[in-house]
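Coordinate-derived values only; no laboratory data. Here the structure is a predicted model, which is why all the values come from computation and not from measurement. Every residue, glycine as well, gets a Cβ built from its backbone with ideal geometry; the counts of neighbours run over all protein chains shown.
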Amino acid sequence: MMDGGITWPASSAGMAAAWEIQRLMEALMASWPRRGRRLLVIGADPGIHCRFFWSCGFDVILAAPDPRVLAEARQSLGGAADVHLAQPDHLPWEEDAVDYALVLFAMTPKNRQAVVTEAVRVARSGVMLVFGDPFALARPLTPSLPQTGPWWELRRLLRLAHPAGRIRSASVAPGLRFPWGASMPLLPPGIGPCCGILHDFSPTPTTTPLWAWRHGVETS
């Protein structure tokens, strides 16, 4: 399976890594309303994550730069998502065209500011970034993650693009498990090599400190 340049092994370890990343995204977006909300997924997802978001209740739109990935996504998703060919730093949508935008392993150190700016431009209510943090304390096990930049720099770019609202962030270490086989909990940003940052544009808090503490999510 390929996702934003990642080749996920067709094995239990590869599926477990994908599940860890889905767990991170689900925890961060727990407060987002879903029914009737349009979620734009920006990244080369052949269907595994888009189908997950569709099952969560979102109306899913996929924007990917690779025609081969789009063909695979159309076959995998059927009518579960609207699929488009698009570059992440030049999206063919007007301002506030969707409710939320998710940038899923679609940034490089060179284009990350442009991609963040575009995601904020087209999203009405919030943006989430999921990316590889090369400065994380834990090293990725499987699969290797595309390296975008340190989490604090991506948070700064989100604030620069949209100063209002609240930011939540957390990380995971795909493939890292307790000796007895249990999954690791969500980690603070800067610990796990896969980081997620969610920016709610509403100035009103949508989660409580107790929720953030229980889910291992940092708020600011």
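Taking other C-beta atoms within 10 Å as the exposure proxy, CYS194, CYS56 rank CYS56, CYS194 from fewest upward. By the beta-carbon count within 10 Å of each Cβ, the least crowded to most crowded order of SER202, SER76, fewest first, is SER202, SER76.
Are there GluC sites (Glu not before Pro) in the stretch 76-137 that DSSP marks as loop and that have at most 12 other Cβ atoms within 10 Å, and which are they? Counting only loop positions with at most 12 other Cβ atoms within 10 Å, the GluC sites (Glu not before Pro) in the stretch 76-137 are GLU94, GLU95. Here the stretch 25-148 was treated as a single set of alpha-carbon atoms; its pair distances binned every 10 Å from 0 give 13, 45, 35, 6, 0 percent.
Rank these for me by crowding, CYS50, CYS195, going from fewest to most other beta carbons within 10 Å. Write down the numbers at each step before the final one.
Values: CYS50 27, CYS195 30.
Ranked by crowding around the Cβ, least crowded first: CYS50, CYS195.
Pairs of alpha carbons in the stretch 72-114 separated by more than 13 Å make up 68% of all such pairs.
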